[in-house]
1. Any idea which of (1) in contact with a helix residue (DSSP H, G or I) (Cβ under 6 Å, 6 or more places away or on another chain); (2) surrounded by fewer than 10 Cβ atoms within 10 Å (Cβ to Cβ) is the one Glu89 doesn't satisfy?
2. Given the criterion surrounded by 10 or more Cβ atoms within 10 Å (Cβ to Cβ), under 15 Å from Ile33 (Cβ atoms) and among the hydrophobic types (A, V, I, L, M, F, W, C), identify the matching residue among Ala73, Ala81.
3. For region 15-70, name all the residues that are free of Cβ contacts under 8 Å to residues at least 60 places away in the same chain, of a type in the set (Ser, Thr, Tyr), open to solvent by less than 90 Å² (accessible area, probe 1.4 Å) and part of a loop (DSSP other than H, G, I, E, B).
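The values are calculated or read from the model by the stated rules, or taken from the named source; none is laboratory data. As the structure is a prediction and not an experimental result, all values here were calculated from the model. Cβ atoms come from the backbone with ideal geometry, glycine included; neighbour counts cover every protein chain shown. These accessible areas exclude ligands, DNA and RNA; they are computed on the full protein's heavy atoms, side chains included. Shrake-Rupley method; radii C 1.70, N 1.55, O 1.52, S 1.80 Å.
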Amino acid sequence: VYRPIRASAYYESSSREYKTNIEAYSGSALSVINDLTVVSYNLKDDLANGIIDKKVGFISEDSPAIATADGKAIQTYQLSAYNTKAIQELDSKFKNIEDKVNWLEIENQYLKQKVKQLEEMIA
């Protein structure tokens, strides 16, 4: 039976002292996130107890990138890391698009001035 757990905080150990072979993740977290399927569902125990509110989440068997070794649960710390990396990737894409838009605005302004000059020359 599933039971909600409440705590004032939950800390995952993440110190260098517990890890080895540390390297920056170079894969696309955005690709991992896009491959996950978010589903809505009812817990069987909830329905048996008259609770019909649907939940939103993942199915571990359908989400190997974030599933535990036994495939029966997800690793929220790993999901959080993928989410953070995906946000960084999106921010980088946004900055590149922003730079391109700024450049196009400058180029557009220049071309408008050129058109105006040409119109004045033939008028």
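1. Result: Glu89 fails condition (2) only.
2. Working: Ala73 fails: under 15 Å from Ile33 (Cβ atoms).
Going through Ala73, Ala81 in turn, just one is surrounded by 10 or more Cβ atoms within 10 Å (Cβ to Cβ), under 15 Å from Ile33 (Cβ atoms) and among the hydrophobic types (A, V, I, L, M, F, W, C): Ala81.
3. To start, the set of residues in region 15-70 that are free of Cβ contacts under 8 Å to residues at least 60 places away in the same chain comprises 15-24, 26-27, 31-70.
Filter once more, keeping what is of a type in the set (Ser, Thr, Tyr): 15, 18, 20, 26, 31, 37, 40-41, 60, 63, 68.
Filter again for open to solvent by less than 90 Å² (accessible area, probe 1.4 Å), leaving 15, 31, 37, 40-41, 60, 63, 68.
Scanning region 15-70 gives Ser15, Thr37, Ser63, Thr68.
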